[in-house]
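Note sheet for the following structure.
The values are calculated or read from the model by the stated rules, or taken from the named source; none is laboratory data. It should be emphasised that the depicted structure is a prediction, and the values quoted were computed from it without experimental measurement. Please note: Cβ atoms are built from the backbone with ideal geometry, for glycine as well, and neighbour counts cover all protein chains shown. When the accessible area is computed, the model is the full protein with side chains, heavy atoms only, and any ligands, DNA or RNA have been set aside. Shrake-Rupley method; radii C 1.70, N 1.55, O 1.52, S 1.80 Å.
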Amino acid sequence: MSADAFVHPDEIRSMFSSAMSDMYRAEVPQYGTLMELVSDINQEKLAADADLRDGLVHNDELDRIDLERHGAIRLGKPEELFNMRRLFAVMGMHPVGYYDLSVAGVPVHSTAFRPIDDEALRRNPFRVFTSLLRLELIEDEDLRTEAEAILANREIFTPNALKLIYLAEKNGGLDRVQAEQFVTEALETFRWHSDATVSLETYQKLHDAHRLIADVVCFKGPHINHLTPRTLDIDAVQRDMPKRGISPKAIVEGPPSRNCPILLRQTSFKALEEQVYFVGDHPKGTAGTHTARFGEIEQRGIALTAEGRKLYDGLLASVRHAVQVSAGGSNARDYETELAERFAAFPDDYETLRVEKLAFFRYSVTKAGKNAAGNVDLGASVNDLVDQGYLRADPIVYEDFLPVSAAGIFQSNLGSDEQKNYVEQSNQDVFEKCLGAAVADELALYAAHQQASLDQAFAVLGIQKN
Ligand code: OOG
Ligand code: NI
């Protein structure tokens, strides 16, 4: 079959993310309310901030604001991660980054499946934060064996989904009919199931070991546990959530509010308590409840270089050392004040972030630059070219996640009494073996992106640079 007959992976991703969004909205009505709030605030923000709007238009990002969302799933065994990589590859999503959450007391390690190249990100940036349970962190040996046995019996993909993944790999793509079937079949894996696969007693034992373990082990599949729209003003959404009947977690994770947003800020609202049925005597099973799913919003800023990230990590660690947010969040204001004060040390204008090489930028040639093409001083540095008005620099958006923030999101939805520190160390090698591939290095991707924009700009200006 010719490549033309295949549906582009970016299009399959769009079909899938929109189907997922419809499913989640039907399953979790509060998600619909959140989407409305985010959309209202984005409109207000765009109307009030012309610079922000112009920047988004220039970067071709305005159209993707309403599309932007991520989801998260938690897997139980290596084969699930292996096949999940193959499933996401059909939609042009590849594993980027390794996140060890065991250091924060959450017994998983994770990656993000996402589009990688600029074009694909622009078309549809949908990504899925994907965690693999680390059963070796269950201390009780009997319980660990029991959990393994339960997971050994489950198959989270439909036979048709597996068949279509195989066909996509073999033929290099899926035609229209296959792509549509694939989306329908793939969606099944992410659906919520109110029937547990275990008895209430087993659920409770696993739950006592860690709530997350019960969430992963006791159900038929890795239900999508949240979908996250992108907001242009997270403080406004956090503030207005209660007005629409949503109660957010105490603090916004990540950096403080700034003129030039960096990395990622996130907040979420508590998991919903859902009715479930455990395996039991009653024909329908034993009724009980489980909390799994929640809502989250994110605000994305500029991607940081290794130096920028080091500064960020250091400042954040010092804030968390100084103020630990209490379970009820009563000292959230102290945390926010401390965060704002300490982050004053992080330059907050794009020019300084760029010149000090703290963040990544996409360069393009200005009108003046195009007029001067061929007559530009060959020895001029990038900074000179920007100063001369020949090059323009726009922020490259951070497309990944932050481990400390992710741990905060996990914890707030698991109940804040769950803090535990595991002695077991992070293990990227084991994760990549389960995955069946290496994860891409996010910093290398941003650096390559910046460099490609420079190479293109130099070519337009008629100068050769190494
Ligand atoms: C994932 C939590 C992490 C984020 O946005 O950092 C996450 C989970 O709870 O499974 O989604
Ligand atoms: Ni999330």
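For Val106, the stated conditions hold: it is open to solvent by less than 10 Å² (accessible area, probe 1.4 Å) and either within 13 Å of ligand 1 (Cβ to nearest atom) or not aliphatic (A, V, I, L, M) (or both). Residue-level check: of (1) in contact with a Lys or Arg (Cβ under 9 Å, 6 or more places away or on another chain); (2) at pLDDT below 90, Asp51 misses just (1).
Among the residues of this structure, Ile302 does not count as one that is more than 16 Å from ligand 1 (Cβ to nearest atom), more than 21 Å from Arg127 (Cα to Cα) and aliphatic (A, V, I, L, M). Any residue at all in the range 184-205 that's under 20 Å from Arg293 (Cβ atoms), among the basic types (Lys, Arg), assigned to a helix (DSSP H, G or I) and touching a Leu at 6+ places or on another chain (Cβ under 7 Å)? No, the range 184-205 has no match at all. Based on this model, can you work out whether Leu385 counts as within 16 Å of ligand 2 (Cβ to nearest atom), touching a strand residue (DSSP E or B) at 6+ places or on another chain (Cβ under 8 Å) and in contact (Cβ under 8 Å) with a residue 24 or more places away in the chain? Here the answer is no, as Leu385 does not meet what is asked. When the range 178-232 is filtered for residues that are of a type in the set (Asp, Glu) and surrounded by 21 or more Cβ atoms within 10 Å (Cβ to Cβ), only Asp215 remains. A search for C-beta distances below 8 Å between a residue of the range 392-410 that is at negative phi and in a helix (DSSP H, G or I) and any residue that is among the polar types (S, T, N, Q) and more than 10 Å from ligand 2 (Cβ to nearest atom), counting only pairs 6+ apart in sequence or on different chains, returns Ala406/Ser110. Restricting attention to the range 255-269, the residues that are within 12 Å of ligand 1 (Cβ to nearest atom) and either open to solvent by 40 Å² or more (accessible area, probe 1.4 Å) or in contact with a Phe, Trp or Tyr (Cβ under 7 Å, 6 or more places away or on another chain) (or both) add up to 3. Among the residues of the range 270-304, those identified as part of a strand (DSSP E or B) and either at pLDDT below 85 or open to solvent by 40 Å² or more (accessible area, probe 1.4 Å) (or both) are Glu273, Gln275, Tyr277, Val279, Thr286, Ala287, Thr289. Assessment of the range 87-103 against the conditions (within 16 Å of ligand 2 (Cβ to nearest atom), among the hydrophobic types (A, V, I, L, M, F, W, C) and open to solvent by 10 Å² or more (accessible area, probe 1.4 Å)) yields no matching residue.
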